[in-house]
Amino acid sequence: MFDKEFQKLFDLANKKNIDKFDFILSSNKSLSIKVFRQEIENFTSSDQIGLGVRVINGKKVGYAYTEKFDEESFAGMLEEALENSRIIEDEEEIKLQDFEDIEKKIKIYYPELEEIPIKDKKNLAMQLESIPLSYDKRVIAVPYAIYGDSIRFIKIANSEGLNKEYKTNGAYSFAYCLARGENMNKSGNYMDNSHKFSEINSKKIGETAAQRALDLLGAKNIESGKYPVIFHHDEAATMLQTFASIFSAKKVQEGQSLLRGKLEQEIANNKVNIIDDALYEKGFGTRPFDGEGYPSQRTELIKHGVLNSYIHNTITAKKAATKSTGNASRSYKGSVGVSSSNMFFLKGNKKKQDLYKMAPKSIEIVSLAGMHSGCNPISGDFSLSAEGFVCDKDGRKYPIQNFTISGNFLSMLQKVTAIADDLELNSNNFGSPSLLVEELDISG
Amino acid sequence: MIKKSLIEKVLLKAASTGADFAEIYAENSMNSKIQLLDSKIKKSINGYDYGAGIRVIFGTKAIFAYTNDLSEKSLLNVAETVSKADEGEEVISGVNLKKEEVDNIHKVEVIPSGVEKAEKVEFLHKINKSARENSNLIAQVNITYSEIEKNILIANTEGLFKEDSRNYVRISSNAIAAKGGEMQTGVYRPGSHQGYEFIRSLDPDEIGNKISEQAVTMLNANYAPSGKFPVVIGNAFGGVIFHEACGHALETTSVAKGSSVFANKLGKQIASKCVTAIDDGTIPNQWGSTNIDDEGNPTQKTVLIKDGILKSYMIDKLGGIKMGLESTGSGRRQSYQFAPTSRMRNTYIAAGNDKIDDMIASIDRGIYAKKMGGGSVQPGTGDFNFAVQEGYLIENGKITKPVRGASLIGNGADIIQKISMVADDLKLAEGMCGSMSGSIPAGVGQPHIKVDEIVVGGRKEQ
């Protein structure tokens, strides 16, 4: 697809005597349907496309992009990129090249999804609202009942012969419920990601969201102190997502990561394994190549507690005298950076129930708020308002609210003493099983 | 951007299956960003954002679609997509657009894209130099200059047809201080809805010193204590507390659903008597100001709370239909990729009569949250959490030691009743606000205020 446009772009680059460059084109068709009180409250359909260029002018790099697809805009974009390269003061050797393809077959495009009639999608969104409401009369509203899907197409080509593309699609279904108890409202939500429409279980989504809200009704306050803490797998994944940038080699080289200089050191409890896997079958961050066209791979970041690798693109890898891990990020609007694909804690061999047994008088965290204000990914410090449960050896005893949990992400990794086997990935492609942390500060 | 006759044709098509209203928003924008890091210009990127969004409203249902392709064929195609989302008898049988000129109250003297990149580069270097010379603990300085020139067109089946141009410039700077493996940041992000003359009015040394001092102060601080304390919240960006904890709950997006704690409270006392709060889009060149909102209505100065009594919500077209209220010119969106919804402009607590010194003197043991960080609020419950970027202990009526890692946690409806003092030193600051209709420039502000009790999440001193 878009071969004609790319031919024109290559011709224009030649005409301007630009000899080293790459282009990224991304196109996205998406749909989202939001239902409220059994009516469609929002219906959004998009057909979006954008094109970005990177020009390598000696040792200087300039970027530009356009969403307008005509010859004049293409030429203007190349001119701007060239002009931008001229003010760059950071000289770096960038070697563009063609890369081999991955060997493993990955299935990331499911044509069935495109054949589902809009009517069926509307019905599903309706169910995401009606199921929680009929599940329990204390569920008073479902402010967010949303179905959405998208098809994404990526094409990358460079002056050294690389020319690759892929297409991927997926659907998500989300329910967010409010439940009313005595003197309080509590919320609960559940998000499902699927490749196949027939596999979306609206009953499970709606009932889980409702139950999560109901479970928190009657929440009490808790006394400040140090407690063993169990992170529900969703919340453990949220923590990893918030602090994921510490694994970026770019952040490390820029002096903005607390993992700088820690390679091969024991930074976490030896039970902890964290990987980034762009080939992970169940992930939605799965893709055949990254933002530079480099083949995807599985990378062990923390292995038995030891920091084994950062995530790299070819530029950071060159600086660190190592190989890219296939983690180049690139949107048409942005520059080449580093980002995770599917990043997650490997599952352990404990059952969730075992975690309660191991730490009588623990607190289980099931909701965290204020991630972007209460976490500092540079220092690792966090202080978050949370909801959860007081637990004993048999499990959850009663819900608690109005407290904050605070600590430091790295010290927390050192205090992970047990890992359950309930690994799940969230919609942002971060995942974790439930984790037991020996001790964290709770203030009520 | 698009011919009038084509717009009329597209709107009519979009409304052809019984919609009560159809609207098109087209945009042609230029963006530019220059980033300095490691004392070098690392990145420079330019781009054109281009596209159109079409919205139709059936009763209280909103259908929206967008595209980058503004050709007749593509626009008619999008119009057909939105029309097919619902079906009924045709309500609108004709569209007669009347072009109306927009009065520009945000004067631009120097078009940013006309300024040599070399001048912008030199400005970034000056900030970097001051920040690093201020302290040898500064390990990194990251500064981005950004400019946006946004040209928009809005037309609807009621005959509205307007075009407007908006210029934004901003410096986003942070410094990292490091010592013994620990790091802390200092942040300052001044911006304005005007031309490059705003950047020329800033003192780069002052910016550099500011971020450097903040980072170093926090590096030398102990962890904040946890518990309930009286808190004095600083002016300017301190207004983020009101923005997050109350502002979002006063948008019709949440009020119309009844999910806001402030639903059905018009005319009622919802805050302490010393609280008057305003959302104002008319302040010339202010970050969150506009000439018209993104639905084409003139922007307004809306008094939200007067002496503690709720006077108005922030209302967009759809929210107005749902609640039976007139728009307050509050319909905003990030770009053509978002349907508009009710959003804040420049939201602030008005100046009172108290003095900051008296506030501090009134507290035996508490926290002075001099600079706030970002925050968030849980819709439905009003529970909020935001970080203190620069905080101090108050002991026996005096500001004593700096403290770090603190966050303020509470509930919006609860906290505005606990504001006991409001100072006379109102200032505004600039932020980016993210919500359903994307990320938009929003001003926040307040004078110093004293809240009698807030939960401070910190860590006990080790």
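The values are calculated or read from the model by the stated rules, or taken from the named source; none is laboratory data. Note that this is a predicted model, so its numbers are computed, not measured. When we count neighbours, we look across all protein chains shown, and the Cβ atoms used for this are built from the backbone with ideal geometry, even at glycine.
Number of residues in region A:98-114 that are part of a loop (DSSP other than H, G, I, E, B) and exposed (fewer than 13 other Cβ atoms within 10 Å of the Cβ) equals 7.
Does any residue of region B:388-397 turn out to be over 30 Å from residue B:183 (Cβ atoms) and either within 14 Å of chain A (Cβ to nearest Cβ) or outside any loop (DSSP other than H, G, I, E, B) (or both)? No; the residues of region B:388-397 include none that is over 30 Å from residue B:183 (Cβ atoms) and either within 14 Å of chain A (Cβ to nearest Cβ) or outside any loop (DSSP other than H, G, I, E, B) (or both). Identification of strands (runs of 3 or more DSSP E) wholly contained in region B:137-217 with 2 or more residues that are closer than 27 Å to residue B:49 by Cα yields B:138-156, B:160-179.
Can you tell me which residue is farthest from residue B:69 (Cα to Cα) among those in region A:1-51 that are of a type in the set (Asp, Glu) and crowded, with 21+ Cβ neighbours inside 10 Å? The residue in question is A:41.
Residue-wise test of (1) free of Cβ contacts under 8 Å to residues at least 12 places away in the same chain; (2) touching a Pro at 6+ places or on another chain (Cβ under 9 Å); (3) of a type in the set (A, V, I, L, M).
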| site | (1), (2), (3) |
| --- | --- |
| A:341 | no, no, no |
| A:347 | no, yes, no |
| A:353 | no, no, no |
| A:378 | no, no, yes |
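Scanning region B:414-444 for residues that are over 20 Å from residue B:291 (Cα atoms) and away from every other protein chain (no Cβ under 14 Å) yields B:416, B:417, B:418, B:419, B:420, B:421, B:422, B:423, B:424, B:425, B:426, B:427. Kindly indicate whether residue A:170 is closer than 16 Å to residue A:124 by Cβ and either in contact with a helix residue (DSSP H, G or I) (Cβ under 6 Å, 6 or more places away or on another chain) or surrounded by 18 or more Cβ atoms within 10 Å (Cβ to Cβ) (or both). So residue A:170 fits the description; yes.
The listed residues are A:333, A:347, A:318, and the only one of them that is farther than 26 Å from residue B:375 by Cα, at the interface with chain B (Cβ under 10 Å from one of its Cβ atoms), out of contact with any Cys (no Cβ under 9 Å at 6 or more places or on another chain) and of a type outside the set (Asp, Glu) turns out to be A:333.
Taking (1) buried (at least 23 other Cβ atoms within 10 Å of the Cβ); (2) more than 26 Å from the chain's Cα centre (by Cα); (3) more than 14 Å from chain A (Cβ to nearest Cβ); (4) within 26 Å of residue A:376 (Cβ to Cβ) in turn, residue B:247 satisfies each apart from (2). Within region A:304-315, can you find the residues that are more than 13 Å from residue A:262 (Cα to Cα) and more than 21 Å from the chain's Cα centre (by Cα)? If the condition is that a residue be more than 13 Å from residue A:262 (Cα to Cα) and more than 21 Å from the chain's Cα centre (by Cα), then A:304, A:314, A:315 are the ones that fit. When the residues of region B:334-375 are narrowed to those that are among the aromatic types (Phe, Trp, Tyr) and under 19 Å from residue B:166 (Cα atoms), which ends up surrounded by the most Cβ atoms within 10 Å (Cβ to Cβ)? Among them, the one singled out is B:336. Across region A:321-358, what is the total count of residues that are of a type in the set (D, E, K, R), under 30 Å from residue A:54 (Cα atoms) and surrounded by fewer than 22 Cβ atoms within 10 Å (Cβ to Cβ)? Counting residues in region A:321-358 that are of a type in the set (D, E, K, R), under 30 Å from residue A:54 (Cα atoms) and surrounded by fewer than 22 Cβ atoms within 10 Å (Cβ to Cβ) gives 2. Checking B:400, B:328 one by one, the residue that is out of contact with any Gly (no Cβ under 8 Å at 6 or more places or on another chain), away from chain A (no Cβ under 12 Å) and free of Cβ contacts under 8 Å to residues at least 24 places away in the same chain is B:400 and no other.
The number of residues in region B:143-186 that are over 18 Å from residue B:390 (Cβ atoms) and within 14 Å of chain A (Cβ to nearest Cβ) comes to 11.
With the structure loaded, tell me whether residue A:73 is within 11 Å of chain B (Cβ to nearest Cβ), surrounded by fewer than 20 Cβ atoms within 10 Å (Cβ to Cβ) and without any contact (Cβ under 8 Å) to a residue 24 or more places away in the chain or whether it fails that test. In short, yes. With respect to residue B:328, is the statement that it is of a type outside the set (Phe, Trp, Tyr), within 15 Å of the chain's Cα centre (by Cα) and at negative phi true? When the stated conditions are applied, residue B:328 does not pass them. Residues that are at pLDDT 95 or above, closer than 26 Å to residue A:91 by Cα and not small (Gly, Ala, Ser): does region A:301-311 have at least one? Yes - at least one qualifying residue is present in region A:301-311.
Applying the criterion of being of a type in the set (S, T, N, Q) and closer than 24 Å to residue B:199 by Cα to the residues of region B:147-174, the residue that is surrounded by the most Cβ atoms within 10 Å (Cβ to Cβ) is B:173. Can we say residue A:187 is within 12 Å of chain B (Cβ to nearest Cβ), crowded, with 22+ Cβ neighbours inside 10 Å and either modelled with pLDDT of 95 or more or in contact with a Gly (Cβ under 8 Å, 6 or more places away or on another chain) (or both)? Judged against the criteria, residue A:187 is a match.
Is it fair to say residue A:143 is assigned by TED's automatic domain parsing to the domain that holds residue A:210, crowded, with 18+ Cβ neighbours inside 10 Å and at pLDDT 95 or above? For residue A:143, the condition - assigned by TED's automatic domain parsing to the domain that holds residue A:210, crowded, with 18+ Cβ neighbours inside 10 Å and at pLDDT 95 or above - is not met.
Considering only residues in region B:23-75 that are among the β-branched types (Val, Ile, Thr) and facing another protein chain (nearest Cβ under 8 Å), the one that is farthest from residue B:150 (Cα to Cα) turns out to be B:60. Looking at region A:31-63, which of its residues are polar (S, T, N, Q), facing chain B (nearest Cβ under 10 Å) and over 28 Å from residue B:44 (Cα atoms)? Listed by number, the residues that qualify are A:32, A:42, A:44, A:45, A:46.
Here region B:81-104 is the region considered, the condition is being within 11 Å of chain A (Cβ to nearest Cβ) and of a type outside the set (Lys, Arg), and the residue that is farthest from residue B:323 (Cα to Cα) is B:81.
Residue by residue, here is whether (1) within 23 Å of residue A:192 (Cβ to Cβ); (2) of a type in the set (S, T, N, Q); (3) away from chain B (no Cβ under 14 Å) holds:
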| position | (1), (2), (3) |
| --- | --- |
| A:376 | no, yes, no |
| A:379 | no, yes, no |
| A:382 | no, no, no |
| A:385 | no, yes, no |
| A:407 | no, no, no |
| A:416 | no, no, yes |
| A:421 | yes, no, yes |
| A:440 | no, no, no |
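Number of residues in region A:249-272 that are of a type in the set (S, T, N, Q), out of contact with any Lys or Arg (no Cβ under 8 Å at 6 or more places or on another chain) and away from chain B (no Cβ under 14 Å) equals 1. Would you check which residues across region B:376-395 are surrounded by fewer than 22 Cβ atoms within 10 Å (Cβ to Cβ) and at pLDDT 90 or above and list them? Within region B:376-395, B:393, B:395 qualify.
Does residue A:117 satisfy the condition of being without any contact (Cβ under 8 Å) to a residue 24 or more places away in the chain and either buried (at least 17 other Cβ atoms within 10 Å of the Cβ) or over 24 Å from the mean Cα position of the chain (by Cα) (or both)? Here the answer is yes, as residue A:117 does meet what is asked.
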